[in-house]
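The structure appears right after this line, and notes come after that.
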Amino acid sequence: MNLSFADCGFLGIYHVGVAVCPKKHAPQLLLERIGGASAGALAACCLLCDLPIETMAADFLRESLLRGERHLYLHPNLAAQSAAYVANRTTGPGRVPLFLLPTGLRRRPIFPQPQQSHRTPADVGPVPRAPPAASGPRHHRRLRLHGAGQQGARSVALTSTVGHSAILPALIFKDLRNMELAHEIALNPEFKLKQYEPPTHSFEGRVKAMVHKAYWDVLRTQLERQPPQYDQAIRLLAEIKECIPQLVTPNERTLVRINEVLDTDVIRQQAEQGVLDFKSYADFVILILSQSCSAARDEAVAELSKMDDVVDTFRSILELMAMMKLDMANFMLELARKEISANSVQYEKEKLSKYLHEFHGNVGFPATEDWLQRNRSDVSSIHTIYNGYMELIDYPEDKDFPELLRIDKERFAGISWRAQRLILCASLISIAQSPPIISQRPNNRAKLAKQLEIIMQDVKNETQVAAALESCYEQIRCLVNSALSQEQQPDMDEATLASLKSQLMQLSNKTSPVRSLMAKRFYLFVRVSLRADNHIPPPPAGFKEFEEELTALISSILRLISYNHAVFGDQFFKILGKTTPSAPESTSEPAAATPINGIAQVANP
């Protein structure tokens, strides 16, 4: 052994420094046998694979700080055995442990088969986001949550905590993560699970690729020996046998057939007698998968049948099985979605109440309290809350986001930029109507509005506005001149074009007169819609050409605010009650909103 790194999670960053020294100051040293345990295994992996130490340090610090944990994201046993295999790769390849199987075949289905109709999010499956620091090791597995529109995609970690000293906090945080999952399902009708894949060039991604390559290299090396060695192949078939029943339709005959063909004792006897046909087992597994997979996977199954290399075939089989697991998870999620949505408000309120009772004490919610105080109304508490909701649509960057609403911070940010894009489009069309060829021709105006929406759809911050306005000016100029040409009128002169461009480019300033006017009209429209009892009024002046997007945006705002008011409205009133003077208010407070038909409704002031 040339070099060995000791275990100790909080010394991980010191290992990084030690690993830098030979690479930087003694590159001539041949360090071929390096070992390590726990955090030290990561430093060993980096040296053996010539990975950038700086990247490892950045990843290590980021994960530690973000998670509030002193242990590493990669499980110590996985890291240690990975490093041990690479360190001893010259002495034989048979050291990769079975649990390093790339698709994680030992895992159970994410969403188990429902046994009864009254299911809660806790019954549905695992929960997103890792909890704050707690003692005891953790096994990590990541999935990505996919949505559409402003909801985007969210990455979450599925974790299970081990260690008696962390059991109570772990249970509470599991409830909160279940609460977040229920919240996501209820608000995002296109919520789906997708297998998490680390960035290719990240430390995590490189270690994963190295371990996967090592696993399949071991299998290939054993099969190519004379005579072939089947230890790895037998373990692989045993794992596949364990996993297949989770993917196939429950059928006694099918399960009996699987157990008969993939009998481990029989396979081992065939290997000992030198008559094992490994490829035939691959063909059998492909047949079973073809009978069980969804129609969307038929093409992938057909590709498997065309493969000649047995190692590549099994690697593709495992990848397909991972996708089928995900298909099953999303199918079970779709079955449970209606009941989850119908009961999610009450479920979230119960879990939040339990968390507050166990942990929160007298700490309070300072950012939420500050948010409500900034928007305090002299009329009533509900007016204060309405004012606060309006601020969420364009939340100040220098203020902390309310703690109780941070679960939807990304959604509110997405809605905010949908609103800003709509305001910009309305401002653009208002300025572009100065030529009569636009203002007096509804078809030209509607056509221009669609083009402006397309140009502005990717604007997500103020730094992108100026470039988008340049493109909008060119589009307006081209459309106006084209329309004038069709009616045999002369093109706009240079002075008119210069004036038009100047007015359009002023919109890059958020306080410009036209943009400010359209913003006021929009926010007044939102406020009226909030109090209109689910009736969206006609669009304000300047927004008629964008009525479809305006209606969709208002619906999203109403749904998001209504749901959060139903879940957290009681807490808002409690916070206001603690900070309100003793003088009675002029308007009585309504109760927090309650869910109706699975969708929370806002209480009217």
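The values are calculated or read from the model by the stated rules, or taken from the named source; none is laboratory data. Keep in mind it's a predicted model, so treat the numbers as computed, not measured. Note: ideal-geometry Cβ built from the backbone for every residue, glycine included; neighbour counts use all protein chains shown. Side chains included, ligands, DNA and RNA excluded: accessible areas come from the protein's heavy atoms. Shrake-Rupley method; radii C 1.70, N 1.55, O 1.52, S 1.80 Å.
At a 1.4 Å probe radius, carbon and sulfur cover how many percent of the accessible area of segment 492-582? Roughly 56 percent, rounded to a whole number. Per-residue 3J(HN,Hα) values for segment 407-417, derived from phi via the Karplus relation 6.51 cos²θ - 1.76 cosθ + 1.60 with θ = phi - 60°, read 4, 10, 4, 5, 5, 5, 5, x, 5, 4, 7 Hz in sequence order (x marks Gly and Pro). Taking only protein heavy atoms and a 1.4 Å probe, the accessible area of segment 197-241 is 54% carbon and sulfur. What segment 202-262 shows is 48 Å² of accessible area per residue, with the surface traced by a 1.4 Å probe over protein heavy atoms.
Relative contact order, whole percent, for segment 376-531 stands at 23, derived from Cα pairs under 8 Å and 6 or more residues apart.
Amide H contacts for Gly36 (H built 1.01 Å from N in the peptide plane; partners 5 or more residues away or on another chain; cut-off under 5 Å): Phe5. Sparse packing (at most 10 other Cβ atoms within 10 Å of the Cβ) combined with a DSSP loop state is found for the following trypsin sites (Lys or Arg not before Pro) in segment 273-312: Lys306.
Which of the listed residues, Tyr386, Leu326, Ser427, is farthest toward the dipole's positive end in segment 319-458, when Lys, Arg count +1 and Asp, Glu count -1 at the beta-carbon? Among Tyr386, Leu326, Ser427, the one farthest towards the positive end of the dipole of segment 319-458 is Ser427.
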